[in-house]
Amino acid sequence: MNGENMKLEIRNLHVSAEGKEIIKGLSLDINEGEFHVLMGPNGSGKTTLGKAIMGHPKLKITEGDMLVDGKSILNMKTDDRAKLGIFLLFQNPIEVDGIGFANFLHSANGAMHGNTVTTSDFLKEFKETSEKLKFSGNMAQRSLNAGFSGGEKKKGEVLQMAILKPKIAILDEPDSGLDVDAIKIVAENVNEIAKRNNTGILLITHYSRILNYMKPVFTHVMINGRIVANGGAEIIKAVESHGYEAFTK
Amino acid sequence: MDYNEFKRESERQFAEQPQEGRDMYKRNFIKIPEEYFTLNGKSKSGQHADMVIKALKDNFGIYFDVIIDGKDILSTSRFAKIVDMADADSGLLKILLEKYPNNKFAALINSKSQKAVVITVKKGESAKINALVLNGEDPVYVQFVVNVEDEGNIEFFQFFCSGVKEKSATGIINIADIGRNANANFIAVHNEGSETAVMNLHHTEIGECSRLSQHFVFTGGSHVKSMGKVKLRGQLSESETNEIVEAVLDQKMDVNTEIVNASKGSAGILESKAVLSDNSVCMLKGFATIEEGATGSRSLVKESSLLMDNTARIESIPGMAIREDDVKATHSASTAPIDEENLFYLLSRGVDRNSAMKLMVDGFIGGSVLKIGDDEARGLAASIIYEKLKNKSIGLTPENKADTVYEVVRADEKAEDMLREHYKYR
Ligand SMILES: Nc1ncnc2c1ncn2[C@@H]1O[C@H](COP(=O)(O)OP(=O)(O)O)[C@@H](O)[C@H]1O
Ligand SMILES: [Mg+2]
């Protein structure tokens, strides 16, 4: 155990929404700097897990705990969880018309890092990262995700991750809806950002395509609200050749 | 007609007319309690006036040419003449009576006003006038009659403010006539006190090839009754009316504006936005009329509102009367509560709840605030709107500089336009 690295522990977590249990006793540890992938078919509860970690108001934790560095975060507000260094890349980022993308990110950056980053440094990093992500046009002036294409939304999420520099990032299907070129760009940028900041990653996907460009060390398979397999790259291979059927005993 | 007849006629209409006489609004209007019509407070705003004038000069760079403090009116503008109602010529009295036939509020203002402000911009001249209207316990009733001749330009900004917590009233009639090839930019920021009833009447007619841009900000007052009309009288005339309503606590606002396309190729836009919190109530009543013969004219009426609390109430009542076929008319009304999913997204980036709410409000009305063309007036309006969002303060004089609550980013600054002018949430 490394005392300086942030540690997120999920212990026997049960989550329900509108009276229906979606996550049914899930345990998972993620440390800063580690690279995990969580695979599972549609509807298994992956997105719900990401939102529960972030403290979504409609999700009820009925049993179990989530801890950061040994302290429960169950009673923490969403923004305070973000300030601890947890980041969620949304599978479907919402659109808010009228809030400038750059303005918002500038505000969020201020909330996360105080006055340690000057506006001109912020703008510089914003521009450089946008270029690396191959954003076409001037997306800074556009409203937050409003009218963004599927690919632009995901790139926008990665751009936010790059600027906000979380310690642990949950990436909920950063590959869905993207063409091959875009998947490659997103994957390579995430790899670079994570390496530079020693970010711990929980990559969520139901499709192994993005794994051509990303090399997670820990693999978990989730089915019907539970983790049914833990391991390494061999599990990805098993999913690729036999699908998820093999894991439903 | 002499003043005595005028006064008698106004008093008669006030006594006889209901607050709302039109069938379509009979069930949807804010009623101003009768007691507001008979107030007879003695105090002027007194020292408050000096404080407001100084704060606006120091913090916003705004200097006033016309100052109305209770019954006292002062003008230092060569364009604005103060006329004693008792000495008014029959032409002026006729205009005041005829523009608002059988309107209880116009009748009240006309019967009580002792002085009117007559603004004349002669052919080809340009005028910029800033007017401050302060009410103390003593209500203010005043008429502004504006006449812009052909090729004239006017920028007219009115700021309403009161220094009282007691019941009071402000009643304003604005009548403007814009000639041909002229330009008018009207801005009115209503920031009256929390117990002041606000009656705001405006009527503007626009001549051939002229352009009107007008902006109303309603943040003050206990009850706000705004009734306005824009008549696109001349061919190819254009108007843009931008209304921003921000209501909190028990504020009640009733904003009714009619845009009339009365000539060929005229174009009118009315955009109203309301942000409502607590138990506030707002009625947005935009109305588009296209008269027969106004071929090729365009009309757009758009009303939208954002509800911050589920106890707030909005009624959007759009109306239309189209009497010509060859036109383009669009009407829309939308209402949305603060969206929990949107909020969750903003919070997940580390922004606290309060700031996230403000960002969402800024997202909603920021574009409308930006449209206010005058930098100083916009800074003041923004600072009042965002201060109020923070403190629910009604009618306070903004003692904060514009840029402490609002980041004004101008094109010539280095931010390269990336960070648009916006609410500064920290
Ligand atoms: N707010 C909610 N209310 C009710 N059911 C929900 C809610 N959110 C998700 N679910 C249900 O939970 C299950 C898991 O959904 P989700 O977490 O999105 O799965 P995944 O991301 O793995 O595809 C689905 O059956 C979905 O319909
Ligand atoms: Mg999902």
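Read-outs throughout are calculated quantities, based only on the coordinates presented, and are distinct from any laboratory measurement. In this text, all values refer to a predicted model and were calculated from it rather than measured experimentally. Virtual Cβ from ideal backbone geometry, glycine too; neighbours counted across all protein chains shown.
Which order do B:108, B:74, B:343 fall in if you start with the one that has the fewest other Cβ atoms within 10 Å?
The fewest-first ordering by Cβ neighbours comes to B:74, B:343, B:108.
Here each label is just a point 7 Å from Cα along the line to Cβ, and for residue B:15 and residue A:246 those points are 9.6 nm apart. Toward the positive end of the charge dipole of segment A:48-110, with +1 on the Cβ of Lys and Arg and -1 on the Cβ of Asp and Glu, the farthest Cα among A:74, A:94, A:48 is that of A:74. The phi torsions of segment B:220-229, fed into the Karplus equation with coefficients 6.51, -1.76 and 1.60 and a -60° offset, translate into couplings of x, x, 8, 10, 10, 10, 10, 10, x, 8 Hz, rounded to whole numbers, with Gly and Pro shown as x. Since only B:244, B:157, B:283 are under comparison, the one whose Cα sits farthest along the positive direction of the charge dipole of chain B, derived from C-beta charges on Lys, Arg, Asp and Glu, is B:283. Each Cα pair under 8 Å and six or more residues apart adds its sequence gap; the mean of these over the residue count of chain B is a relative contact order of 11 percent.
Using the rule -39500 (n - 2.57) for each DSSP H run of four or more residues, divided by the residues of chain A, the 222 nm mean residue ellipticity is -11000 deg cm²/dmol.
What does DSSP give for segment A:7-247 in terms of the percent of beta bridges that are antiparallel, rounded to the nearest 5?
Details: 26 of 44 bridges.
For segment A:7-247, the DSSP antiparallel bridge percentage is about 60.
The residue among B:120, B:56, B:219 whose Cα reaches farthest toward the positive pole of the charge dipole of the protein assembly as shown, with charges on the beta-carbon of Lys, Arg, Asp and Glu, is B:219.
Could you give the size of the charge dipole of segment B:238-324 about its Cα centre, using +1 on the Cβ of each K and R and -1 on the Cβ of each D and E, expressed in debye and rounded to the nearest 20?
200 debye
With R₀ set to 30 Å, the beta-carbon distance separating residue A:230 from residue A:67 gives a calculated FRET efficiency near 0.95. Given +1 at the Cβ of Lys and Arg, -1 at the Cβ of Asp and Glu and no other charges, the dipole of segment A:7-247 around its Cα centre is 220 debye to the nearest 20. When only alpha carbons are used to place a centre, segment B:277-299 and segment A:171-249 end up 54 Å from one another.
Placing unit charges on the Cβ atoms only, positive for Lys and Arg and negative for Asp and Glu, gives the protein assembly as shown a dipole magnitude near 1040 debye about its Cα centre.
A viscosity of 1.002 mPa s and a temperature of 20 °C, combined with the Kirkwood radius over Cα pairs in Stokes-Einstein, give a translational diffusion coefficient for chain A of 115 µm²/s. Distance from the Cα centroid of segment A:60-113 to that of segment B:312-368 is 24 Å (rounded to whole angstrom).
Work out how much length residue B:126 to residue B:334 would gain on full extension: take 0.36 nm times their residue separation and subtract the Cα-Cα distance, in nm to one decimal.
71.0 nm
For the pair residue A:131 and residue A:212, label points projected 7 Å from Cα toward Cβ lie 2.8 nm apart.
What's the exposure ranking of B:137, A:9, A:192, going from fewest to most Cβ atoms within 10 Å?
Details: B:137 21, A:9 17, A:192 13.
Listing B:137, A:9, A:192 from fewest to most nearby Cβ atoms yields A:192, A:9, B:137.
With a simple spin-label model that places each label point 7 Å from the Cα along the Cα-to-Cβ direction, the separation between residue B:98 and residue A:119 comes to 5.3 nm. Amide H contacts of residue B:333 (H built 1.01 Å from N, in plane; Pro and chain starts excluded): B:303 sit under 5 Å, all sequence-distant by 5 or more or on other chains. Dividing the convex hull volume of the alpha-carbon atoms in segment B:298-355 by its residue count gives 102 Å³ per residue. When chain B is treated as a GNM, springs tying every alpha-carbon pair under 10 Å, which of B:150, B:309, B:362 comes out with the largest mean-square fluctuation? Its mean-square fluctuation being the largest, the pick is B:309.
Under a Gaussian network description of chain A, with springs only between Cα atoms under 10 Å, the residue in A:210, A:94, A:227 that fluctuates furthest is A:94.
When the square roots of the Cα gyration tensor eigenvalues are ordered a ≥ b ≥ c, the ratio a/c for segment A:1-67 is 1.5 or more and a/b exceeds b/c, which makes its shape prolate.
For segment B:3-338, rounded, prolate or oblate, judged on the Cα gyration tensor with a ≥ b ≥ c (square roots of eigenvalues), a/c < 1.5 rounded, else prolate if a/b > b/c? Please list the in-between numbers first.
Numbers: a/c = 1.40, a/b = 1.11, b/c = 1.27.
Taking the square roots of the gyration eigenvalues as a ≥ b ≥ c, segment B:3-338 is rounded.
Amide H contacts of residue A:227: A:27, each under 5 Å away and 5 or more positions distant or on a separate chain (H built 1.01 Å from N in the peptide plane; Pro and chain starts excluded). Sequence-distant contacts, meaning Cα pairs under 8 Å at least 6 residues apart, place the relative contact order of segment A:7-247 at 29 percent. Rounded to the nearest 0.05, the FRET efficiency derived from the C-beta distance between residue A:181 and residue B:39 at R0 = 56 Å is 0.20. Between B:337, B:33, B:139, the GNM of chain B built on Cα springs shorter than 10 angstrom shows B:33 fluctuating the most.
Footprinting exposure proxy ranking of A:211, A:88, fewest other C-beta atoms within 10 angstrom first, gives A:211, A:88.
What shape does the protein assembly as shown have by the C-alpha gyration tensor, where a ≥ b ≥ c are the square roots of the eigenvalues, rounded means a/c under 1.5, and otherwise prolate means a/b greater than b/c and oblate the rest?
Verdict is prolate for the protein assembly as shown.
Using only Cα coordinates, the Kirkwood hydrodynamic radius of segment B:189-300 works out to 14.4 Å.
For A:122-135, what's the mean count of beta carbons from other chains sitting within 10 Å of each residue's beta carbon? Show your work: numbers first, answer last.
On the way: counts 2, 5, 0, 0, 2, 2, 0, 0, 0, 0, 0, 0, 0, 0.
Per residue, the number of nearby Cβ atoms from other chains is 1 on average.
With R₀ set to 51 Å, the beta-carbon distance separating residue B:54 from residue B:313 gives a calculated FRET efficiency near 0.85.
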